[in-house]
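Engineer: One structure is given below, represented as structure tokens, and several questions about it will come after.
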Amino acid sequence: MDTMTTPEIQRFMKFVDEKPDGCWEWNGYRSHDGYGQFTLFGKGWRAHRASHVLFIGEIPDGYFVLHSCDNPPCVNPAHLRAGTAKENSQDMVERGRAGKHMRQKCPKGHVYDKMRGNSRACRTCDREAVRRKQGQEEFKSWRKEYDRKRYLENRDEKIEYERQRRAEKKAGRV
């Protein structure tokens, strides 16, 4: 890899806008996920990776460039560090950017603590949903009808059971 020259850094800095929060916002082309793109040494780079190479040094093989500010367009070398895939995944989970399969908490902040089919669920939110549903008139009338049917089914079964028992007792006495 060529060594960094002042013209490369100057060309890079033309796309940077320093913000009051300390982030250097990338104003050049950004991909769909918000990360900047920059051509360095004749190759396309993500802008934060190019910033790391220009201002900090090479990125070790297999390492990622992680943002301490959690701002994808930021290219401030003070906000960047090289890290492993595991560190990158932990950062994503801690900051709530991970896919659903890696999240530890539901959108309301409760811990996922039960399984619903093949997915995790939050018991607290499930309970709240049931309580909301039980308060609706539609549910109350459905539940009343359901309970009545169960009562009648059980009553008929009980009567039949008692008949059979009496018949067996009678047959035993004769």
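The values are calculated or read from the model by the stated rules, or taken from the named source; none is laboratory data. These figures come from a predicted structure and were not determined experimentally. Cβ coordinates were reconstructed from backbone atoms using ideal geometry, including for glycine residues, and neighbour counts include every protein chain displayed.
Engineer: When the range 67-81 is examined, which residues are found to be assigned to a strand (DSSP E or B), under 14 Å from residue 12 (Cβ atoms) and either among the aliphatic types (A, V, I, L, M) or over 23 Å from the mean Cα position of the chain (by Cα) (or both)? Reasoning before the result, please.
Structural biologist: Going through the range 67-81, the residues assigned to a strand (DSSP E or B) turn out to be 67, 74, 80-81.
Filter once more, keeping what is under 14 Å from residue 12 (Cβ atoms): 74, 80.
Within the range 67-81, 80 is the sole residue that qualifies.
Engineer: Surrounded by fewer than 12 Cβ atoms within 10 Å (Cβ to Cβ), modelled with pLDDT of 80 or more and closer than 30 Å to residue 63 by Cα, is that true of residue 85? First the steps, then the outcome.
Structural biologist: Numbers: surrounded by fewer than 12 Cβ atoms within 10 Å (Cβ to Cβ): yes; modelled with pLDDT of 80 or more: yes; closer than 30 Å to residue 63 by Cα: yes.
So residue 85 fits the description; yes.
Engineer: Given the residues 63, 161, 112, which is the only one that is of a type in the set (Phe, Trp, Tyr) and assigned by TED's automatic domain parsing to the domain that holds residue 31? If you could, list the steps in order and put the result at the bottom.
Structural biologist: Working: 161 fails: assigned by TED's automatic domain parsing to the domain that holds residue 31; 112 fails: assigned by TED's automatic domain parsing to the domain that holds residue 31.
Among 63, 161, 112, only 63 is of a type in the set (Phe, Trp, Tyr) and assigned by TED's automatic domain parsing to the domain that holds residue 31.
Engineer: Report whether or not residue 79 is touching a Ser or Thr at 6+ places or on another chain (Cβ under 8 Å) and over 30 Å from residue 47 (Cα atoms).
Structural biologist: Numbers: touching a Ser or Thr at 6+ places or on another chain (Cβ under 8 Å): yes; over 30 Å from residue 47 (Cα atoms): no.
No.
Engineer: Sticking with this structure for a sec: Which of (1) of a type in the set (A, V, I, L, M, F, W, C); (2) part of a helix (DSSP H, G or I); (3) more than 30 Å from residue 125 (Cβ to Cβ) is the odd one out, the single condition residue 92 does not satisfy?
Structural biologist: (3)
Engineer: For the range 120-174: of the residues being in a loop (DSSP other than H, G, I, E, B) and surrounded by 10 or more Cβ atoms within 10 Å (Cβ to Cβ), which is modelled with the highest pLDDT? Show your work before the answer.
Structural biologist: Initially, the range 120-174 is screened for residues in a loop (DSSP other than H, G, I, E, B), giving 122, 135-136, 174.
If we keep only those that are surrounded by 10 or more Cβ atoms within 10 Å (Cβ to Cβ) as well, we get 122, 136.
Working: 122: 83, 136: 75.
Going through the qualifying residues, I end up with 122.
Engineer: Also, I was wondering about something else. Which members of the range 18-50 meet the condition of being in contact (Cβ under 8 Å) with a residue 24 or more places away in the chain, within 11 Å of residue 73 (Cα to Cα) and not in a loop (DSSP other than H, G, I, E, B)?
Structural biologist: Selection gives 24, 25, 26, 30, 36, 47, 48.
Okay, residues lined up against (1) of a type in the set (D, E, K, R); (2) over 25 Å from residue 34 (Cα atoms); (3) within 18 Å of the chain's Cα centre (by Cα):
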site	(1), (2), (3)
93	no, no, yes
107	no, no, yes
114	yes, yes, yes
134	no, yes, no
137	yes, yes, no
146	no, yes, no
165	yes, yes, no
